[in-house]
Each structure stands twice: as structure tokens, then as C-alpha cells.
Amino acid sequence: MPSAIFHRVARGALLLGACALCSVAAPTASTAAPAASPAPVAVTVNAQAGLATVPDTALGVNDAIWDTTLGTAETSGLLKSAGVQMLRYPGGSYADIYHWRDHTAPGGYVAPDTDFDTFMASAGRIGAEPMIIANYGTGTAQEAADWVRHAKDKGYRAKYWTIGNENYGNGHYGEPWEADNHADKSPAAYAAGVVAFAEAMRAVDPDIKIGAVLTTPGNWPDGLVGAGDAGTWNQEVLTRAGAHIDFVDVHWYPGGGTAAEALTRTSHIDDAMYLLRRQIDQYAGSNAGRIKVSLTEMNVGVGQNTQPGALFLADAYSDLLENGVFTVQWWNVHNGIGNVSTVAGQRDYGDFGLLSSGNCASDGSVCEPPLNTPFAPYHALTLMKSFVHPGDQLVRAGTDDPLVAAHAARRPNGDLQVLLVNRDPDNERTATLDYRGYSPSTSTAPTVISLGNGAPALGTAALGTATEQTLAPYSLTLVTLHPARTGVGAPGAPGAPVAGAVTDRTATISWPAAQPGRDPIAKYEVYRANGAVSEQLGETSGTSFTARNLTPGTRYTINVLARDTAGRVSWSSLPLTVTTTAPASSSCTVKFSDTNDWGNGFVGAVEVTNNGPAPVTGWTLTFTWPTGWQSVQSGWSATWTQTGRDVRVTSDPGATLAAGATATAGFVGAYSGPNVLPGAFALNGTVCSTG
């Protein structure tokens, strides 16, 4: 089932209020015998591998017009305390039935005191940037333009406007949950609507930013081509409307049958954002690099208001911000009681809200805590406020244990903050921390903020050391370190690098010069990421470097640092991702295609051409899937085998591929995350060009 269908049910109009004379049974403690103590977790924090810079809109949530407490001072105060920097309105799929002028949503519930002016007053009290969803489904470009004019005339700071919400869910692909009155529900029609809305709205206020709805790679309907379409939803929208937008808007509900499974889905983020960026660059035309990415709805699949929700929020927000997403927004402020269960010893109400709605199950058997009681994800968001600050640079961090995740951020004052996520519900972990490109002070204990399973609030103490921390089961731990050296006089960071002349084996990297500090800059050092560590590719006194001996069809993440004549080292540049090509020419050519995709699998084909002067008898084609969630299910016209991520396609015994001839074989592939197609193939050990 598409994730959007799953969370659509959670958007029903719920009347929020206190629950009187209701009781909740205390959760039963686990009686399972404790497991043997796990081995220490090795954490590597690499300040030399810079990631994205934290924007001032990073931490966001959704507001909804059916939330009776949307504009109250208590709710605003709680969101301000949690560090909310961006608020989205009027609420998910309601946006495509909402008419702002008369504050109605035909077919849905609109609570009193939730109109646009009330929302903007709340955003002002919180100090949050608003993001407004213009009604594409049942509205008009003129209605949206009038809304922009109203906001401008009122003096509101309403800069970001998205055209519609999940409009791919209008039935074009067979699943209708999003209202859409247009006769043509294709992505081409939506793209035309985006252009019309953008032109009308910018005629009123040319300074606003316009966003278009895309689907997250690896999530339905990514990969699907509808009847009569020239490409997928993302391809069609970007090709036709890319020149008219400033950002794209995606949602992500990872699903997962268990909390453990749901918490692993953050491993999909890097590849999903990589594919999305590639789609933007490929289809959105010239200057596509200006288009930013927002992720405006997200929640965990299991344990929405207990510790899995908290762990997922901190892990996913961090990873998405590392990938340059300019705002990440939780669904929702309030949502209401759902399926009640016990998760890791804690009562979970199946509530997608950060704050309790204070309501009861329909039969009155179970009630939530009083209205506005913070749930675990609220505390995680509050912890994120302490972790990421506008202007911080996120840096690469990693661990050797799949149950423990690590993220890190470097602050302008020299402090380094390390966020550790222990996804093990049963065992505490001892984390040993190793630093690259950073020397923490050892004279004082670091400040530690933590959130344990079932904790009613964050805890703060001076615990552990810079090199060792104890992580409670199912916990978040934020460690703040001070530098051993101040870094005064060091050069500034080099500008964002760009790539040119990328081939199968080389890539030329260039960057704007760094600002010298106390001493002249002596050289620039160029690094590639290998897991959590950096490997130096080379150095130069100039602002351009050609990396050589690269592997064909491989993704590289590259950073540049400046070093002055006194040996001081700058902060890292922003990262650059480069994917090498296949050889321009070879004795063989391979064409790999996804011919029919259904969202979690596809029919694929490979065409192998012998470019050499002599026939090839008994050929074997090899390639490697880019991720661990891709596989070959079956194949034909050759023998298909897979070991780990490596695939071998072997011809029938005695088959001969004549000079200039092409052999074709097909297969059924499966994937459970972003489907990054392989980019390098070898025929009998020779790397082929691609067609």
C-alpha cells in the first residue's frame, strides 16, 4: 500500500479536548532475561568531511485547520520552546479542498479560530517562517494570487508557497485520496497548473518562493509511468515546470511492520536525496542547482508517540539536513488517538501528533494524557534545537554498529556536537569516540543532553568523557565538546566545489578560493569520503584539481580544505557528489533499462553489444547493485545469479556473440528503497561503455 494512503487516514478531522474521568492501565514491564553486554561501539566523527550548512528553517512541523488549538498561546509556547522554525498550513490533503477567503473546506472539518490570520499570529509568536499550501486541487490560480496579495497587504512574512499537496494521489496512478477537480490529472497537467499559479502569484509578489510537489524516490509512485505520460511524475513536472519553481516538496512515511524495521529506514535517505537531486539536475533545465528541497511531511511507521518516534525524528531530521534539505517538518502538531498499543514498555496511542490531543478511543476504553502533553517526538525535536543551529556545519559521523547512529555538527565558536542514537531497546551501549580533524578539550567533562525511553523530559548533565559515553537503551544522547585549540587565525573554508570534465576515470574539481587568515594559504587538500573517514585524493596550490584513477560508474563525495603556511587548517568546504561515467569507448557496450516499473519492482533488460573485431564465445556480464535492498528475482535468455550485491549474467553454454552483434537478456528486479540503477558493467572482465 502506498505510504500516502497509510497516512491519509490519520488526517481525519479530530475535535481536540481534555479527557475527563478516563484512566489508562500502566504498561507491563518486560520480564525477558537481559542479553549479554554488547561490544563497545566505535564512533568516528570526521570534521574534515563537511556536509550541509544548517539553514534557519531547518526544524518544522505541520499545522492543520481542523486543530482547535492551532492558534492558542499554550500551543504556540510549546512550539517556540521546541525550537520550531517553520510552520506549514493549512494541513496536508486539506490544502486541496481549502478556500482561504471564506475559511471553508467542503467535505472536511474546519475548526473555529484556525483561519489564516490566526495561523500567522501564531507563527509570529513562535518566531517561525510560514509555508503555505495553495489549493491546486479545487482552487484556482486567481484564488492563490489573491491569498498572496492578502498576505502582502497585511505585512505578513509569507515567503514560501507550495502548489498543492501530494497531487500524484489524485487517481492518475490508481489511488485517489487527493482532491482534484481537473479533468486531466496527469503530471503534465499539474505542471501546467504550477506554471499558471506561479505566474499569477509572482505578479502580485515577485519575491515569493514557489514549490512543486514531487514524490520521494523509492516511494510510490516513483518509477511509475502513467497511461499517456512521457515519463514519471517527477520527470514530467520538472521538465515542464522546472524553470518556474524555486523548490520541490516531498513527503516520506517509511512504513515498517515493527519499530525495529521502521528505524532502519533512515538508511534510505542518502540514496533518496541523491536520486532526487539527480532528477532535478537532469530534467529541470538550466540553473537547476538553484532549486532546493523541502520535506514537509514525515512520521515513523510504528511507535508514533513513544520512543521509536523520538529516535526516528532525531535520526531522520539530522540525515535530511546533512543532505541539504532546507526544512524538515513532522506530521503533525496535534492529530488524535489511533491504534493503541504498548511499545518498548510504554503506552503508545498511535497518535501522529507531537502533542496529545487529550481525546479518547471511540468506545471510551482508552484516553490520551491531558491536552498538550508532550509526546516523545516533541522532546526529540527540543533536543534537535540544541543540536543544530543556523550556520552550523554538519560533518560526517558513523559507527560500526547498525543499532547505533551518529551525527555531528561544528559550530562557529569551535564547539563540536555529537548526536548518538541507540536503537537497541534492551541494551545500553558504550560508545568510544574518535575524532578526525578536531581535537576536543580534555580538561572538562562534556555537556550531555539525553532522552531515555519513557522519560518525561530531557536530562542534562556533565557525563562521560570526550572519548567515551554510555548510551542508555532506546535513547538519544547529545554530547557538546569544546575545542582544545581555538582555531583563531585559520583560513576560511573554500567555496563550494563544482565538477567538470567527469569521465570514467577522472574528474576535475574546482572551487572559489578561501579567505586567508593570519597567514597566507599554502595549499588546498582534496578528500573523498570513505564511510566516516576521509581519504586524500591530492593537493594543489591552485583552485582546481584533477582526480585520477577513479572507478567507473562510482559515486564520490568530495570536500576541499585550505591549509596556510603556518599549518592551520580551514573548515571543510561544502560537499560535492560526483558520479563517474562508463568508458566513452570500449570493446563492448551495455544498455541497461527499466522497462516496466510498479513501485517496488520492475522488468529490466540488458543489451550487450560486441564492439570488437572477433566473436566472443561464452560471455559473462557482471555488475553490482548500488544498494543492499536491490535484487534479481528471476531472469531469462541467460543464467542470472546474485551474491550479496554482485550480479552475474552468463550466456548459454557455447553461445557466441559475433563481432557487432547484440545479445539481450531480461530479468525481474525488486527493491525496497530508492532504486539507484547500476552504472558500470564488465563483459568477461572488460569494463563496457553504456548506451
Over the chain, what is the relative contact order in whole percent, taking alpha-carbon pairs under 8 Å and six or more residues apart? 13 percent
Which of the aspartates and glutamates could a cross-linker bridge to K152, judged by Cα under 20 Å and excluding same-chain residues fewer than eight apart? D102, D115, D117, E129, E143, E199, D205, D207, D246
Footprinting proxy, S689, S637, S318: sorted fewest to most Cβ within 10 Å, the residues are S637, S689, S318
Beta carbons within 10 angstrom, averaged per residue: use that to sort the peptides 475-482, 407-414, highest first. 475-482, 407-414
Could you pull out every residue, at least 5 positions away or on a different chain, whose amide H is within less than 5 Å of the one on D67? Hs are placed 1.01 Å off N in the peptide plane, and Pro or chain starts have none. A111
How would E535, E428 line up from fewest to most surrounding beta-carbon atoms within 10 angstrom? E535, E428
How high is the relative contact order of the range 550-643, in percent, counting Cα pairs under 8 Å that sit 6 or more residues apart? 18 percent
For the chain, percent of DSSP beta bridges that are antiparallel (nearest 5) comes out at 75 percent
For the range 505-547, which trypsin sites (Lys or Arg not before Pro) pass both filters: DSSP loop (anything but H, G, I, E, B) and at most 14 other C-beta atoms within 10 Å? R518
Let a ≥ b ≥ c be the square roots of the eigenvalues of the Cα gyration tensor of the range 548-599; is it rounded (a/c under 1.5), or, if not, prolate (a/b larger than b/c) or oblate? oblate
Tell me, V404, V418 in order of fewest to most beta-carbon neighbours within 10 Å? V404, V418
Tell me the label-point distance for the pair T664, T643, using the 7 Å Cα-to-Cβ offset, in nm and rounded to one decimal. 3.1 nm
Amide H contacts of G553 (H built 1.01 Å from N, under 5 Å, at least 5 apart or other chain): T580, T581, A582
Is the range 195-267 rounded, prolate or oblate when judged by the Cα gyration tensor, a ≥ b ≥ c being the square roots of its eigenvalues, rounded requiring a/c under 1.5 and prolate requiring a/b larger than b/c? oblate
Shape metrics for the range 498-579, restricted to C-alpha atoms - Rg then Dmax, Å: 12.8, 42
Run the simple label-point estimate for T656 and T617 please: 7 Å along Cα→C-beta, distance reported in nm. 0.7 nm
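Each reported figure results from applying straightforward, stated rules to the coordinates on display, with no laboratory input. Bear in mind the structure is a predicted one, so any value in this text is a computation, not a measurement. All Cβ positions, even for glycine, are placed from backbone atoms using ideal geometry, and neighbour counts span all protein chains on display.
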